[in-house]
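Asks: Sharing a structure below in structure tokens format, with a few things to ask.
The values are calculated or read from the model by the stated rules, or taken from the named source; none is laboratory data. For clarity, every value in this text was computed on a predicted model and none was experimentally measured. Cβ placement follows ideal geometry from the backbone for every residue including glycine, while neighbour counts extend to all protein chains displayed.
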Amino acid sequence: MTVRLRAHHLLCMLTYVGRGYTPAFVENYGGVVARLSRRAPIRLVDGPDDICAPIQHIASAHCYNDSVGERDRLARDAVQSLLGAAVDLDREFSLDTAMLTRFREAFSQGQTRAACNGCEWAALCDQVAGAGYPGAALQLQGD
């Protein structure tokens with residue numbers, strides 16, 4: 001089953017270590033990352049995605065804020081620059097080990113971090129990336 005991700009969540013999942021806004025959010029995020037670890041295809045979407053599901057019913061949820069849409073735009077630009085190709089919404093792709101490694105190296109080096117400016121989780125992501133991704137939930141299976 002395809003995982004629907006907004007662009008900034010493509011970067012967030014690199015450092016996800018089991019923390020989030022609510023217990024339901026964390027449980028859902030863990031399930032999404034488990035699917036990605038099993039190499040489920042990814043489809044980038046504009047707006048709330050599979051990770052947002054537990055909170056998107058809340059009218060004041062940040063997933064509807066313009067600032068989050070801007071975060072997605074910046075993340076999409078960073079990923080396109082990293083890949084040297086357009087990242088089209090609604091086009092499916094799958095992570096492989098080389099791509100995940102490239103994403104994590106670029107993230108660690110700050111090349112894809114413009115979308116992280118002002119994010120409340122940035123310090124945690126800095127710690128995880130700076131230490132070499134210990135405890136990061138996303139670990140591709142089948143290698």
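Asks: Working only within the range 101-112, note down all residues that are surrounded by 19 or more Cβ atoms within 10 Å (Cβ to Cβ) and either at positive phi or in contact (Cβ under 8 Å) with a residue 60 or more places away in the chain (or both).
Replies: Selection gives Phe103, Arg104, Phe107, Thr112.
Asks: Right, another one. Looking for whichever is farther than 24 Å from Met1 by Cβ and exposed (fewer than 14 other Cβ atoms within 10 Å of the Cβ) here; the options are Ala86, Ala115. Which one fits?
Replies: Ala86
Asks: If you don't mind, another one. Given (1) assigned to a helix (DSSP H, G or I); (2) within 16 Å of Val3 (Cβ to Cβ); (3) over 15 Å from the mean Cα position of the chain (by Cα), identify the lone condition not met by Gln141.
Replies: Of (1) assigned to a helix (DSSP H, G or I); (2) within 16 Å of Val3 (Cβ to Cβ); (3) over 15 Å from the mean Cα position of the chain (by Cα), only one is false for Gln141: (1).
Asks: So, Ala75, is that one touching a residue at least 40 places away in the same chain (Cβ under 8 Å), surrounded by 13 or more Cβ atoms within 10 Å (Cβ to Cβ), over 22 Å from Arg39 (Cα atoms) and touching a Leu at 6+ places or on another chain (Cβ under 8 Å) or not?
Replies: Considered against the rule, which asks whether it is touching a residue at least 40 places away in the same chain (Cβ under 8 Å), surrounded by 13 or more Cβ atoms within 10 Å (Cβ to Cβ), over 22 Å from Arg39 (Cα atoms) and touching a Leu at 6+ places or on another chain (Cβ under 8 Å), Ala75 comes out as no.
Asks: What do you reckon, is Asp50 among the acidic types (Asp, Glu), farther than 18 Å from Cys116 by Cβ and surrounded by 16 or more Cβ atoms within 10 Å (Cβ to Cβ)?
Replies: Taking the combined requirement at face value, the residue satisfies it.
Asks: Which of the residues belonging to the range 18-41 are in contact with a helix residue (DSSP H, G or I) (Cβ under 7 Å, 6 or more places away or on another chain) and either crowded, with 16+ Cβ neighbours inside 10 Å or among the hydroxyl-bearing types (Ser, Thr, Tyr) (or both)?
Replies: Gly20
Asks: Can you tell me which of Val128, Val68 is among the β-branched types (Val, Ile, Thr), on the phi < 0 side of the Ramachandran plot, at pLDDT below 90 and surrounded by 16 or more Cβ atoms within 10 Å (Cβ to Cβ)?
Replies: Matching residue, one of Val128, Val68: Val68.
Asks: Further question on the same structure: If you scan the range 47-67, which residues turn out to be farther than 22 Å from Leu36 by Cα and either part of a loop (DSSP other than H, G, I, E, B) or in contact with a Lys or Arg (Cβ under 8 Å, 6 or more places away or on another chain) (or both)?
Replies: Selection gives His57, Ile58, Ala59, Ser60, Ala61, Asn65.
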